[in-house]
Amino acid sequence: MKQIEEDLFVREMMFGSKQPKWRQYASFVISRPTVLSLLSYELRTLFLGSLPGALGLVLRRKFYRSLFRRVGRNCVIGRDVIIRHGANVSLGDNVVIDDHCVIDGRGAGEAGVEIGDNVIVNRGTVIQSKLAGIHIAANVNIGAQSVIASQGDPVQIGEWCQIAGGCKIVGGRFSMSANVQDGMPLVRSSAGPINIGRNCFIGMGAIIVDGVTIGEGCAIGPGAVVMSALKPHSVFMQRPGMVVGSTTQAET
């Protein structure tokens, strides 16, 4: 189990630093925290982030490009999308990022957060890098309110994967010490990268944790929790529910 350093987590960036407050905030949202780059970020997101309709889509397509490492052709960015450390984020061609998503490349470094061609990121989804890269291949569809987060090791999702709403593909875990008197009793760690092969279907509300490799062509049922590797073309379901009693008192 690999221990994870805390340097780029919110608590350390916002409250553990002795830098001026504006620079602490700038370090949280952009990769190069200067006054001019922060001003540019703030003005673009303030005036264009919530702008509705076709005008908002057109203006964000034009003026949000410089917030990212790379933006391909015909990308669509919806309303109130939160972009943090976009200089670590690359978008392919025809990418759609729906309203209220969070795209955070804070901890990705050179590996970056890469979103391939023709990827659709549906409403309210969070894609967040914490000290490792995220690679989403072409033609992936990510359902609404899903979370994809790397913590210490990368997350890779193969092409043509279909991820239903509310899924959690999240790396990293905690070790707890009951004997800590002061400070955080939890230590962040990672069991390894998450690798999802091409052509997989992940049902609504499924959870995939760090250290898991899923072979190509797998189907994962709704609400399943995947904690170990799956061979290609596996079908993985939680045990079906069953009636085990009644809410009424039995007659005596």
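The values are calculated or read from the model by the stated rules, or taken from the named source; none is laboratory data. Here the structure is a predicted model, which means the values were calculated and not measured. Because the Cβ atoms are built from the backbone with ideal geometry, glycine has one as well, and the counts that use them run over all protein chains shown. These accessible areas exclude ligands, DNA and RNA; they are computed on the full protein's heavy atoms, side chains included. Shrake-Rupley method; radii C 1.70, N 1.55, O 1.52, S 1.80 Å.
Normalised per residue, the accessible area of segment 102-178 is 34 Å², obtained with a 1.4 Å probe and no contribution from ligands, DNA or RNA. Each label point was placed 7 Å from the Cα along the Cα-to-Cβ direction; for residue 25 and residue 63 their separation is 1.9 nm.
Length gained on full extension, residue 47 to residue 141: 30.9 nm, using 0.36 nm per residue less the C-alpha separation. 3J(HN,Hα) couplings calculated from phi for segment 214-219 with the Karplus curve 6.51 cos²θ - 1.76 cosθ + 1.60 (θ = phi - 60°) are, in sequence order, 10, x, 5, x, 7, 10 Hz; Gly and Pro show x. Working note: Karplus 6.51/-1.76/1.60 with θ = phi - 60° gives segment 100-106 the couplings 6, 7, 10, 10, 10, x, 3 Hz, where Gly and Pro are set to x. Report note on the peptides 26-32, 149-155, 123-129: ranked by the mean count of other C-beta atoms within 10 Å, highest first, their order is 149-155, 123-129, 26-32.
Remark: segment 82-98, residue by residue, has Karplus-estimated 3J(HN,Hα) of 9, 10, 10, 6, x, 5, 9, 10, 10, 10, x, 6, 6, 7, 10, 10, 6 Hz, where x stands for each Gly or Pro and the curve is 6.51 cos²θ - 1.76 cosθ + 1.60 at θ = phi - 60°.
Would you mind getting me the FRET efficiency between residue 34 and residue 213? Use the beta-carbon distance for r and R0 = 41 Å, nearest 0.05. Walk me through the numbers on the way to the answer.
Values: r = 41 Å, r/R0 = 1.00.
Working from the Cβ atoms, E equals 0.50.
With every protein chain kept in the model, how would you rank 25, 41 by accessible area, 1.4 Å probe, largest at the top? Mind dumping the intermediate values first?
On the way: 25 80, 41 20 Å².
The most accessible residue leads, giving 25, 41.
Taking a ≥ b ≥ c as the square roots of the eigenvalues of the Cα gyration tensor, segment 23-86 is classed as prolate, since a/c reaches at least 1.5 and a/b is larger than b/c. Given R0 = 30 Å, the distance between the Cβ atoms of residue 54 and residue 233 translates into a calculated FRET efficiency of 0.10.
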